[in-house]
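S.K.: My questions will all concern the structure given below.
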Amino acid sequence: MIFSKAKQLLRVSLQPKRCFLAGQAWYLVAHDNKDSETKLFRLAKFQELQLLEKLVTVNMNCSLRELLGNAWTVHRGDRDWHVEIWFAPEAADLVAETRWHHTQEIERQKDGSVIFRAVISGLDEIKWWVPGWGPRAKVLKPKELAEEVCSLANGIIDRYRKL
């Protein structure tokens with residue numbers, strides 16, 4: 001198979017284990033025969049496939065929970081973070097009625113707002129989710145996530161100032 005990674009084409013030999021949809025993308029969990037590791041591949045990045053005559057055995061015990069850990073979506077970070085995000089009353093019901101993450105906890109506040117708590121492996125994915133809520137959300141913990149979101153918000157402001 002030829003796989004595109006960072007605008008570079010790589011030839012890989014894979015033993016498929018599982019395929020799944022996350023967000024708007026399909027992913028393949030496969031054993032990389034070269035590295036002898038199980039890896040995650042985004043299917044849209046494959047440029048060419050070559051079927052081999054060799055039989056493939058699919059491990060039905062392949063656990064996505066074990067592979068993804070506490071990843072927000074699919075990219076597992078190198079450590080877990082305890083995340084707390086405050087949501088304004090106008091966003092509270094939507095946040096509370098949706099299952100965003102398997103570790104989430106929702107605490108309703110007297111003013112109608114909610115505090116969302118979860119344990120997330122890595123901050124790279126969730127940092128893009130928070131700004132989508134605009135002023136209806138504020139990261140309370142960890143400080144590193146709040147700083148990342150602030151940096152993204154400043155980048156957005158800078159881009160629009162140039163109009």
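The values are calculated or read from the model by the stated rules, or taken from the named source; none is laboratory data. Worth saying up front: this structure is predicted, and the values here are computed from it rather than measured. Virtual Cβ from ideal backbone geometry, glycine too; neighbours counted across all protein chains shown. Side chains are part of the model used for accessible areas, which takes the heavy atoms of the whole protein and leaves out ligands, DNA and RNA. Shrake-Rupley method; radii C 1.70, N 1.55, O 1.52, S 1.80 Å.
S.K.: Name the pairs whose Cβ atoms lie under 7 Å apart, with the first residue in segment 89-118 and without any contact (Cβ under 8 Å) to a residue 24 or more places away in the chain and among the hydrophobic types (A, V, I, L, M, F, W, C), the second open to solvent by 20 Å² or more (accessible area, probe 1.4 Å) and part of a helix (DSSP H, G or I), and 6 or more positions between them or separate chains?
M.R.: Ile106/Ala96
S.K.: Would you call Leu145 over 27 Å from Leu9 (Cβ atoms), open to solvent by less than 60 Å² (accessible area, probe 1.4 Å) and among the aliphatic types (A, V, I, L, M)?
M.R.: So Leu145 passes the test.
S.K.: Report, ordered by the first and then the second residue, all pairs with beta carbons closer than 8 Å, sequence separation of six or more or different chains, a first member in segment 139-161 that is among the acidic types (Asp, Glu), and a second member that is open to solvent by less than 90 Å² (accessible area, probe 1.4 Å).
M.R.: Glu144/Trp81; Glu144/Leu123; Glu148/Leu123; Glu148/Lys127
S.K.: Scan segment 120-134 for residues that are farther than 12 Å from Ile85 by Cα and either assigned to a helix (DSSP H, G or I) or of a type in the set (Val, Ile, Thr) (or both) and jot them down.
M.R.: Answer for segment 120-134, where residues must be farther than 12 Å from Ile85 by Cα and either assigned to a helix (DSSP H, G or I) or of a type in the set (Val, Ile, Thr) (or both): Ile120, Trp128, Gly132, Gly134.
S.K.: Follow-up question, since we're still on this one. For the condition open to solvent by less than 80 Å² (accessible area, probe 1.4 Å) and either of a type outside the set (Asp, Glu) or closer than 21 Å to Gly23 by Cα (or both), what is the one hit in Trp100, Trp128?
M.R.: Trp100
S.K.: Does Trp86 satisfy the criteria of being aromatic (Phe, Trp, Tyr), surrounded by 14 or more Cβ atoms within 10 Å (Cβ to Cβ) and either in a loop (DSSP other than H, G, I, E, B) or under 21 Å from the mean Cα position of the chain (by Cα) (or both)?
M.R.: Criteria met by Trp86.
S.K.: Could you list all residues from segment 21-43 that are touching a Ser or Thr at 6+ places or on another chain (Cβ under 8 Å) and part of a loop (DSSP other than H, G, I, E, B)?
M.R.: Gly23, Asn33, Lys34, listed by residue number.
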